[in-house]
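Participant: So that we are looking at the same thing, I have put the structure below in structure tokens.
Just so you know, all these numbers are worked out from the coordinates, no wet-lab data involved. Values in this document were obtained by computation on a predicted structure and should not be read as measured data. No Cβ is skipped: glycine too gets one built from the backbone with ideal geometry, and neighbour counts run over all protein chains shown.
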Amino acid sequence: MRHNKKFNHLGRTTSHRKAMLSNMASSLIQHKRIATTLAKAKALQVYVEPLLTKSKDDTTHSRRMVFSHLQNKEMVTELFQNVSVKIANRPGGYTRILRTGFRLGDNAEMCIIELVDYNENMLKEKATKKAARTRRSTAAKKAEVAAPVAAPVADETPAAVVSEETPAAE
């Protein structure tokens, strides 16, 4: 029985899985988003989020702990200098998984995993959607729909309206 064994092995040996997740985490830090399968993205999310949390505290110990996972000096520097500055105020949830459909060859579910604070399009949409919301009863909505068409503007005099129609009648 496999009670309480929730870790996804991804069909790989331990060494292969650790190397793959390390490489994927480095690619995610470098490019800020990568396309992969859903199973790998979920495994990567579990792997990389604690590293991002450790990067908030820029100490020698945290750098060494992150380096033991990534094995890439350039990506550790990128993580501690650039990425940690952007995620400093976020309490968690540093990555987002966006499903993109199914792969043509084997029908594997594909997705994009990205760092949340680096997607400018979604940040703009979030800023524009902050409109004040009101709660209305259904009676108010029905009254709004049943309102008559607006009357003519008060600035127009009946004489002006008649003079516009007169040349058309001739």
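Participant: Give me the number: length gained by fully extending Ala146 to Glu109, i.e. 0.36 nm times residue separation minus the C-alpha to C-alpha distance, one decimal in nm.
Facilitator: 8.6 nm
Participant: Could you calculate the FRET efficiency of Gln71 with Arg133 from 1/(1 + (r/R0)^6), where r is the beta carbon distance between them and R0 is 45 Å, rounded to 0.05?
Facilitator: The formula returns an efficiency of 0.40 here.
Participant: Tell me which trypsin sites (Lys or Arg not before Pro) from the range 95-137 have a DSSP coil assignment and no more than 16 other beta carbons within 10 Å of their own.
Facilitator: For trypsin sites (Lys or Arg not before Pro) across the range 95-137 that sit outside H, G, I, E and B with at most 16 neighbouring Cβ atoms in 10 Å, the list reads Arg103, Lys129, Lys130, Arg133, Arg135, Arg136.
Participant: So which lysines pass the test for Lys6, namely a Cα distance under 21 Å, with those fewer than 8 places away in the same chain ruled out?
Facilitator: Lys18, Lys40, Lys42
Participant: Rounded if a/c is under 1.5, else prolate if a/b beats b/c, else oblate: with a ≥ b ≥ c from the C-alpha gyration tensor eigenvalues square-rooted, which is the range 1-133?
Facilitator: Oblate, since a/c reaches 1.5 and b/c is not below a/b.
Participant: What spacing in nm lies between the two simple spin-label points modelled at Lys42 and Gln30, each 7 Å away from Cα in the Cβ direction?
Facilitator: Placing both labels 7 Å beyond Cα along the Cβ direction yields 2.8 nm.
Participant: How do Leu70, Leu79, Leu38 rank when sorted from fewest to most other Cβ atoms within 10 Å of their own Cβ?
Facilitator: Fewest to most other Cβ atoms nearby, the residues stand as Leu38, Leu70, Leu79.
Participant: Arrange the following residues from fewest to most other Cβ atoms within 10 Å of their Cβ: Glu125, Glu49, Glu114.
Facilitator: In increasing order of surrounding Cβ atoms, one gets Glu125, Glu49, Glu114.
Participant: For each of Ile97, Ile113, count neighbouring Cβ atoms within 10 Å of the residue's Cβ, then give the residues from fewest to most.
Facilitator: So the ranking, lowest neighbour count to highest, is Ile97, Ile113.
Participant: Please compute the length gained on full extension between Asn8 and Ile97, using 0.36 nm multiplied by the number of residues separating them and subtracting their Cα-Cα distance.
Facilitator: Taking 0.36 nm per residue and subtracting the Cα distance, the gain is 30.3 nm.
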